[in-house]
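The values are calculated or read from the model by the stated rules, or taken from the named source; none is laboratory data. Computed from a predicted model, the values in this text were never measured in an experiment. Glycine gets a Cβ as well: all are built from the backbone with ideal geometry, and neighbour counts include every protein chain shown. The protein model used for the area step is the full one, side chains on, heavy atoms only, and it has no ligands, DNA or RNA in it. Shrake-Rupley method; radii C 1.70, N 1.55, O 1.52, S 1.80 Å.
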Amino acid sequence: MSWFTTATRVGFLLLVAVCIGWYYDMPLLAVAATLLCLVGYWLYQMYQVQRWLADPGNPPPETYGIWGDLLSQMYQLQKKDRQARARLQSTVDYLQNSFTSMRDGVAIVDDHGILKWFNEPARLLLGLRSEDEGQSLMNLVRAPEFLRYFNRGEFGTPLEYRTGGDSSSWLSVEITRFGAGDRLLFIRNITASVRMEKVRKDFVANVSHELRTPLTVISGYLGTFLGDTSKLDSRYIKPLQQMQQQADRMENLLKDLLWLSRIEGEQGIGMHTPVDIRALLSELQDELRTAYPGRKVELELAADHKVAGDYRELYSAVSNLLLNAIKYSKEGSVVRVSWRQQDGSYHLAVSDEGIGIDAAHIPHLTERFYRVEDSRSTACGGTGLGLAIVKHVAASHAARLQIASQLGKGSTFTLVFPGQGKVATTRESSTPPAQGTTTVTTRV
Ligand code: ADP
């Protein structure tokens, strides 16, 4: 019923009241009495509405006129709201049920770090109790690595850490933001895969170590035979030279494998010595001058920053980059090394004017034994482990490795170290990489 209809009815009532009042010679009294009745009726309707609003679960009372309309509209709205809530609740229940039945731990933490919900595996993995819901996660999980990771707020890569206690298991924690600052935590027990990885590393290290002694003996004898070829039957000279070449290659391979397993094992240990990159680069330049007298290596030292880390590791990484730059570029072309500050970070870049790398290969270059061109790499004495070593050294120094290359024009390999007080973010770069440029690494 519209306002107009109500107003017409009231007007009609008053008109009737005036007519009756006129007849009895008291029109004002009749109008006043009618208005009083109307106000009383409306007050009663309002009372009914207010009573219903206090407990809207029940059906609305019988009301008429404008109040009846209002009440029925409110009832419809309330019904729709109830249905929407029920739908939402069933979605929440469905999601909660699926999270509950997951074998991985799932927990929800709000923007103040308060634990809102967690499933049974999360309870077991994080050592929580059922009554911990509503508590601050910071007070419940004591592992310092976890607290650092959680507070840092950069969740690009999952955290892997060892939990305390005798059982000593490894957990992987992945955090995703959602809603207004809430966080969803996925917690997984990765002890088995960490153990497998350790077995693999130990196996490679042991085999490499065991192979070294027989190889040294073989190389020694080959060196002795080839030291005086006059006493050798000429038929054997070429095969023996080839054998020595392959033995040298194997020796380099074992050396790289052992070094790789060593830096993998020591990742992050003893990383606090300030390393003077200027001195390191000058030393490398001198060494290359002696080893490759025909090659020109230009140095640009524009930063004075010292990197907290391990001198030998950084030396091996940069020397791998420099040796590649020399190996994969023509005699007479220049290899440039620069050390400078840029956008708050420190960049160590090694550039060459060599053969370059097709963009499709760039993401795979740091994989062990990955070669763009097998024959060329082998001919150059490559082991296929150089860039894997660079990647590991970058990771343990919180640095990123950026690779930019153009086929036929040359390549630039850049190690980006975080500025003071900053830790390099992982798998992300502040500026999008240029075409043919890939940012590789790192697990901090
Ligand atoms: P290798 O010992 O075979 O050089 P690396 O891991 O050092 O192994 O490099 C992997 C591959 O990346 C190489 O086989 C080579 O094809 C390519 N590569 C590395 N550096 C350069 C470069 N500066 N120019 C062109 N190709 C390169």
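Test of understanding: among Asp25, Asp55, which residue is among the acidic types (Asp, Glu) and either over 60 Å from the mean Cα position of the chain (by Cα) or modelled with pLDDT of 90 or more (or both)?
The unique qualifying residue is Asp25.
Return yes or no: is Ser208 of a type in the set (S, T, N, Q), in contact with a Leu (Cβ under 6 Å, 6 or more places away or on another chain), over 30 Å from Gly134 (Cβ atoms) and open to solvent by less than 60 Å² (accessible area, probe 1.4 Å)? First the steps, then the outcome.
Numbers: of a type in the set (S, T, N, Q): yes; in contact with a Leu (Cβ under 6 Å, 6 or more places away or on another chain): yes; over 30 Å from Gly134 (Cβ atoms): yes; open to solvent by less than 60 Å² (accessible area, probe 1.4 Å): yes.
Taking the combined requirement at face value, the residue satisfies it.
Which condition number does Ala434 fail, the rest of (1) within 10 Å of the ligand (Cβ to nearest atom); (2) within 27 Å of Lys296 (Cβ to Cβ); (3) at pLDDT below 85 being met?
All conditions pass for Ala434, except number (1).
Do the conditions hold for Leu13, that is, is it surrounded by fewer than 11 Cβ atoms within 10 Å (Cβ to Cβ), in a helix (DSSP H, G or I) and more than 60 Å from the chain's Cα centre (by Cα)?
For Leu13, the condition - surrounded by fewer than 11 Cβ atoms within 10 Å (Cβ to Cβ), in a helix (DSSP H, G or I) and more than 60 Å from the chain's Cα centre (by Cα) - is not met.
Sort out which residues of segment 350-368 are hydrophobic (A, V, I, L, M, F, W, C), part of a loop (DSSP other than H, G, I, E, B) and near the ligand (Cβ under 8 Å from one of its atoms), and write them in order of number.
Scanning segment 350-368 gives Ile355, Ile357, Leu365.
Taking interchain pairs and intrachain pairs at least six residues apart, which have beta carbon atoms under 8 angstrom, with the first residue in segment 217-232 and not assigned by TED's automatic domain parsing to the domain that holds Ala247 and the second exposed (fewer than 12 other Cβ atoms within 10 Å of the Cβ) and among the polar types (S, T, N, Q)?
none
Any residue at all in segment 328-337 that is over 26 Å from Glu373 (Cβ atoms), exposed (fewer than 12 other Cβ atoms within 10 Å of the Cβ) and not small (Gly, Ala, Ser)?
Taking segment 328-337 and keeping what is over 26 Å from Glu373 (Cβ atoms), we get none.
No, segment 328-337 contains no residue that is over 26 Å from Glu373 (Cβ atoms), exposed (fewer than 12 other Cβ atoms within 10 Å of the Cβ) and not small (Gly, Ala, Ser).
Quick test for you: out of Leu125, Leu115, Leu71, Leu88, pick the one residue that is without any contact (Cβ under 8 Å) to a residue 24 or more places away in the chain, aliphatic (A, V, I, L, M), surrounded by 14 or more Cβ atoms within 10 Å (Cβ to Cβ) and not in a loop (DSSP other than H, G, I, E, B). Break it down stepwise before answering.
Details: Leu125 fails: without any contact (Cβ under 8 Å) to a residue 24 or more places away in the chain; Leu115 fails: without any contact (Cβ under 8 Å) to a residue 24 or more places away in the chain; Leu88 fails: surrounded by 14 or more Cβ atoms within 10 Å (Cβ to Cβ).
When all the criteria are applied, what remains is Leu71.
Of the residues that sit in segment 169-185 and are among the small types (Gly, Ala, Ser) and touching a residue at least 12 places away in the same chain (Cβ under 8 Å), which one is farthest from Glu145 (Cα to Cα)?
Checked segment 169-185; the qualifying residue farthest from Glu145 (Cα to Cα) is Ala180.
Examine segment 329-349 for a residue that is within 8 Å of the ligand (Cβ to nearest atom), out of contact with any His (no Cβ under 7 Å at 6 or more places or on another chain) and not in a loop (DSSP other than H, G, I, E, B), and state whether such a residue exists.
No, there is no match, as no residue in segment 329-349 is within 8 Å of the ligand (Cβ to nearest atom), out of contact with any His (no Cβ under 7 Å at 6 or more places or on another chain) and not in a loop (DSSP other than H, G, I, E, B).
Among the residues that make up segment 266-281, is at least one of them acidic (Asp, Glu), within 16 Å of the ligand (Cβ to nearest atom), at pLDDT 90 or above and more than 23 Å from Leu407 (Cβ to Cβ)?
For segment 266-281, residues acidic (Asp, Glu), within 16 Å of the ligand (Cβ to nearest atom), at pLDDT 90 or above and more than 23 Å from Leu407 (Cβ to Cβ): absent.
When you scan segment 199-209, do you find a residue that is out of contact with any strand residue (DSSP E or B) (no Cβ under 9 Å at 6 or more places or on another chain) and under 30 Å from Gly153 (Cβ atoms), even just one?
No; the residues of segment 199-209 include none that is out of contact with any strand residue (DSSP E or B) (no Cβ under 9 Å at 6 or more places or on another chain) and under 30 Å from Gly153 (Cβ atoms).
Within segment 292-313, restricting attention to residues that are within 16 Å of the ligand (Cβ to nearest atom) and of a type outside the set (D, E, K, R), which residue is farthest from the chain's Cα centre (by Cα)? Even if it seems obvious, please write down each step before you answer.
Initially, segment 292-313 is screened for residues within 16 Å of the ligand (Cβ to nearest atom), giving 292, 295-298, 313.
Retained after the next criterion (residues that are of a type outside the set (D, E, K, R)): 292, 297.
Numbers: Tyr292: 41, Val297: 37 Å.
Checking each candidate, the answer is Tyr292.
Does Ala317 count as within 16 Å of the ligand (Cβ to nearest atom) and open to solvent by less than 20 Å² (accessible area, probe 1.4 Å)? Let's see the steps before the verdict.
Working: within 16 Å of the ligand (Cβ to nearest atom): yes; open to solvent by less than 20 Å² (accessible area, probe 1.4 Å): yes.
Answer is yes for this residue.
Those residues that are of a type in the set (A, V, I, L, M, F, W, C), open to solvent by 30 Å² or more (accessible area, probe 1.4 Å) and under 30 Å from Leu254 (Cα atoms), I need them from segment 171-205; list them, please.
Residues satisfying the conditions are Ala192, Val194, Met196, Val199, Phe203, Val204.
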